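Below you'll find the structure, written out as structure tokens, and then a few comments.
The values are calculated or read from the model by the stated rules, or taken from the named source; none is laboratory data. Model, not experiment: these values are computed from the prediction. In this analysis, Cβ positions are derived from the backbone assuming ideal geometry, glycine residues included, and neighbour counts consider all displayed protein chains. The accessibility values were calculated without ligands, DNA or RNA, using every heavy atom of the protein model including side chains. Shrake-Rupley method; radii C 1.70, N 1.55, O 1.52, S 1.80 Å.
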Amino acid sequence: MSKTVHRIFLGLMVLVVGFAFIFLLVNGLEYYRTGLGERTFSAEHDALKPSGIVGHGLGIIGSLLIIIGVSSYMARKRYRFMSRMGLVKNWLEFHIFLCTLGPVLILYHTAFKFGGLVAVSFWSMVAVFLSGIAGRFIYLQIPRSIEGRELDLNEVRAIKTDLTEVLKGTYKLDEESQSEIAVALEKKTVSSSRNLLVSLIRNRKDDRRSIKSVKNSLRRHNLHGKDYRKVVSLVKTDIKLSRRIERLDSMKNLFRHWHVAHLPFALVMLFIMVIHVGVTILFGYRWIF
């Protein structure tokens, strides 16, 4: 999958989630704004209540999307026969898409009315969603092979090229330009803060100053067009790899701890969801079936 196709793929998934959220909100806003005691008198109540034709359907579809998203991603990671069925990162993105769209539909299934045991499942789902966003960020900080395998420190260092030699040999930059770029890159400092978030913010600001300094140097020495963009891209890649080397061990440890927090919420959500579905069927709420 090319970068352009991948971006279109991601854009479509974001568009679908956004459209679903806005479409359902616009079409049911009057009902959702109505007080719980007054909803039974609304013309939309029979359709949008949790057991209604629309509300019930949203719950079923949303639950299926979550189950498919979780099971397909786990299967891709665990079963060898699926190893050639696309890259793990693409499966992860599809997993995130389904497990974002699913909760959106379930949110409207509840008609914004939470209570009892189902409320535990709903808030567990919210916790899974939010922790999933955090997990996605951590996942991206760990360098991986094209197949999705985590790279160790030596493998990451092997990827990192000697940028100075590349600039000198390929783009024929003069010594002054090379020196200015080298100085700009050396300005990067490792934050001494123990707070990871503070450290990431400080490093990001420092890296942006470095990239800005490199761009100014290239413009002063009349490097423009395609070569300019390529050199800037190489500098950004070099900085990104340097940062990932700095925090590789801490991110891997954080990712392991993240699994400990993410998995229990997912299990609670799925367990109560199964109970909820079973009770619903027991009481005869079978939607259109």
Q: Would you mind stating whether GLY115 is modelled with pLDDT under 80, out of contact with any Phe, Trp or Tyr (no Cβ under 6 Å at 6 or more places or on another chain) and among the small types (Gly, Ala, Ser)?
A: yes
Q.
Checking PHE112 against (1) in contact (Cβ under 8 Å) with a residue 24 or more places away in the chain; (2) in a helix (DSSP H, G or I); (3) farther than 21 Å from LEU263 by Cα; (4) open to solvent by 50 Å² or more (accessible area, probe 1.4 Å), only one condition comes out false. Which one?
A. (2)
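Would you pick out the residues in the range 7-62 that are charged (D, E, K, R) and exposed (fewer than 15 other Cβ atoms within 10 Å of the Cβ)? If you could, list the steps in order and put the result at the bottom.
First, the residues of the range 7-62 that are charged (D, E, K, R): 7, 30, 33, 38-39, 44, 46, 49.
Scanning the range 7-62 gives ARG7, GLU30, ARG33, GLU38, ASP46.
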Q) So which of LEU25, LEU10, LEU36, LEU15 is more than 22 Å from GLY69 (Cα to Cα), among the aliphatic types (A, V, I, L, M) and either free of Cβ contacts under 8 Å to residues at least 24 places away in the same chain or not in a loop (DSSP other than H, G, I, E, B) (or both)? A) LEU25
